[in-house]
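One structure is given below, encoded as structure tokens.
The values are calculated or read from the model by the stated rules, or taken from the named source; none is laboratory data. Here the structure is a predicted model, which means the values were calculated and not measured. Here the Cβ positions follow ideal geometry from the backbone for every residue, glycine too, while neighbour counts run over all protein chains shown. Protein only, heavy atoms only, side chains kept; ligands, DNA and RNA dropped before computing areas. Shrake-Rupley method; radii C 1.70, N 1.55, O 1.52, S 1.80 Å.
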Amino acid sequence: MVAFELAVQDAHGLAVAARLPVDRIELCSALPLGGVTPSLGFVEAAVGTPGMPPVHVLVRPRPGGFDYDPAEAATILSDVRHVVRAGAAGVVVGGVRGGKIDNELTARVVEAAGGADVTFHRAFDTVDDPYAGLDELVRLGVRRILTSAGAAQVADALPALAALVAAAAGRIEIMAGGGVHPGVVEKIVATGVPAVHASAKRTVRDAVGVSLGTADSSGRETTDGNEAGRIIEVLRTPAG
């Protein structure tokens with residue numbers, strides 16, 4: 001059975017994840033910015049929600065690229081330790097330097113996680129040689145890779161995704177993500193991926209009346225339970 005991971009960024013998303021047969025969640029904040037580290041209070045709320053599947057926490061100190069300076073790396077490692085102590089089953093990170101996996105940071109994250117799962121997120125899609133990157137992440141002890149196979153939308157790179165699954169050969173889990181919706185799930189599953197990731201979000205019109213930053217102030221994103229349910233339905237329907 002293909003596992004389903006749901007990205008969650010608010011309390012409503014937690015309720016959806018606890019109600020649906022989700023295999024795990026990626027807990028984050030500010031998905032419109034690509035996601036950043038959620039608050040410790042939100043991590044504790046997720047872990048403490050009855051019926052919640054395993055909670056994997058995104059640890060990303062800022063939007064933008066994935067080449068982190070020493071101060072940012074120290075924040076990442078501190079956050080990894082904090083969220084694991086709070087009960088997270090895993091962390092989701094990514095560091096890239098010079099077009100290659102940031103070996104030093106990734107190794108330190110695996111150590112700081114202390115046995116909790118480590119997922120390398122879509123920073124993987126920015127490396128120059130994904131096959132060399134895959135081998136390096138296997139060597140470092142990373143549990144899975146979240147990837148769109150280098151495309152903006154994973155459905156536009158299905159042959160490349162299938163090639164990554166073949167190259168992984170069961171040594172590391174390849175999880176497909178990036179623009180996943182019910183209409184493309186069947187094709188994604190046909191590549192042989194063991195896991196699919198989606199945010200299944202909708203916009204809630206919730207104008208604040210004044211601009212508080214550069215993001216759209218006319219609404220906010222939240223989890224769409226119906227969309228998530230349709231994705232799960234496709235995943236759980238036998239082929240043919």
(message) So if I check each of Ala123, Ala107, Ala113, which one is under 20 Å from Leu40 (Cβ atoms) and either modelled with pLDDT of 95 or more or among the hydroxyl-bearing types (Ser, Thr, Tyr) (or both)?
(response) Ala113
(message) Regarding segment 33-51, can at least one residue be identified that is of a type in the set (Phe, Trp, Tyr) and in a helix (DSSP H, G or I)?
(response) yes
(request) Answer yes if at least one residue in segment 41-58 is touching a Phe, Trp or Tyr at 6+ places or on another chain (Cβ under 6 Å), surrounded by 16 or more Cβ atoms within 10 Å (Cβ to Cβ) and within 22 Å of Gly229 (Cα to Cα), and no otherwise. (result) no
(message) Any residue that is at positive phi and of a type outside the set (Lys, Arg) - is there at least one of those in segment 100-113?
(response) no
(message) Take the conditions at pLDDT 95 or above, under 17 Å from the mean Cα position of the chain (by Cα) and closer than 18 Å to Gln9 by Cβ and apply them to Leu146. Does it pass?
(response) yes
(message) Condition check: open to solvent by less than 50 Å² (accessible area, probe 1.4 Å) and either acidic (Asp, Glu) or in contact with a Phe, Trp or Tyr (Cβ under 6 Å, 6 or more places away or on another chain) (or both). Does Gly87 satisfy that?
(response) no
